[in-house]
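Report on the structure given below.
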Amino acid sequence: MDLPAPLPYGARASVSFALSIAVPDRVHRFGRDGAYRFLGNALPLLSVRDGRGRHLDPDVGFGESFYTLAGDFRVVLDHPSGLVVPATGTTTRRPGAPGRTVSTSVAHGVRDFAWAAGPFRTRTVTTPGGVRLNAYWTATTSPRGVAVDLKDAVGSVDAFGKRFGRYPYGELDLVMSDHLDDFGSMEFPGLVLLWTEPEGSAAVHEIAHQWFYGIVGNDQFSSPWLDESFAQYANQTYYREPTADCRREQGEWPSATAALTRSLGYYADGHRHEYVQVVYGRGACALHDLERVLGGRAMAAVLRGYVRDHWLGVATTADFKRAAQAATAKDLGPFWAEHRIG
Ligand SMILES: [Zn+2]
């Protein structure tokens, strides 16, 4: 759709349209499970147009193809009062028509807006660092798993806030279900959807995405490593996993063409089997190796500066390489080549 006249830079306009959404019958980030509804990636978002044209990359069925800019949302949901509705942003509720509640969620600087609805059980805690965590779980989700997720979330949101910059969204919703085994877990700004078993979930990885994808945006289709490898690195750092030998443990590259800076298009085009090993395994390992090259303090400063410089913006591989190179007199060229970071 084109506006009647081009909008000058900095000018404002409004666009409105009616939309009805049928939630697919599948247990998924955009789907339903019995009385529960998950509405992630359900709302249309503005596409990005830059020097390389308009970005409308396809959903390839794995990973995330999304590339969006940060914006402000105010979403009003008028729903039956018996439904609990976790949502991106800070939510306030007031009575609506008889038997109904109006929930209003306000979020600033978010790249997407997600919500869920259902007879969730709930609990709210505030972390020592002052972040309000709202836990929502389905009737069949293990209470032990919920407790593990809450403990991991409290620890990691504060740890990442200290390490990368304070969590900016006030509250964070954890939406937990034991039925997401065919899907897994997913990050949205201010809301993480977690496949939760009695042992817990990928809560720490998904919370790390609040910084890498959420606060520091990237084109997730062209550079999946900028969100997934960084989230995985942060996750392993949080759990203090031993990584000294990670490169040897990864073994050979899966192919001559494999590289950390490949797009989802490359993986979808006959290289699907390389995706997890390269983007999660080798990508996180490359960042641990970089930390060993730079030293722990310098790596922490690089990451903090990188997050600050791209706060609610968009970063590229070149931006990260420049930030790392500025922290050392050593030429990182051979390091990038060895880790296939182009
Ligand atoms: Zn991830």
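Which value at 222 nm does the chain reach when only helices count, each DSSP H run of 4 or more adding -39,500 (n - 2.57), with the total divided by all residues and rounded to the nearest 500 deg cm²/dmol?
Rounded to the nearest 500, it is -8000 deg cm²/dmol.
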| query | Taking the convex hull of the alpha carbon atoms in the range 30-208, what volume per residue do you get, in Å³? | reply | 124
| Within the chain, what's the longest stretch lacking trypsin sites (Lys or Arg not before Pro) that sit in DSSP loops with no more than 11 other Cβ atoms inside 10 Å? | 53-239
| query | Given the range 1-93 reduced to its alpha-carbon atoms as identical point scatterers, what log10 I(q)/I(0) does the Debye formula return at q = 0.10, 0.18 Å⁻¹? | reply | -0.40, -1.17
| Gained length - Asp309 relative to Trp253, 0.36 nm times residue gap less alpha-carbon distance | 16.9 nm
| remark: Per the charge dipole of the chain (beta-carbon charges, Lys/Arg positive, Asp/Glu negative, Cα centre), the residue among Ser14, Ala259, Ala324 reaching farthest to the positive end is Ser14
| query | If you plug each phi of the range 185-190 into the Karplus form 6.51 cos²θ - 1.76 cosθ + 1.60 with θ = phi - 60°, what whole-Hz ³J(HN,Hα) values come out, in order, with x for Gly and Pro? | reply | 10, 7, 9, 10, x, x
| remark: So the pair-distance distribution of the chain, from every Cα-Cα distance in 20 Å bins, comes to percents of 29, 58, 13, 0
| query | For the range 225-338, what ratio Rg/Rh do Cα atoms give with a Kirkwood hydrodynamic radius? | reply | 0.95
| query | Going through the range 247-342, which GluC sites (Glu not before Pro) have at most 10 other Cβ atoms within 10 Å and a DSSP loop state? | reply | Glu252
| Unit charges on C-beta of K, R, D, E only; dipole of the range 77-208, Debye | 640
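Only the coordinates and a few stated rules stand behind these numbers; no lab work does. Model, not experiment: these values are computed from the prediction. Cβ coordinates were reconstructed from backbone atoms using ideal geometry, including for glycine residues, and neighbour counts include every protein chain displayed.
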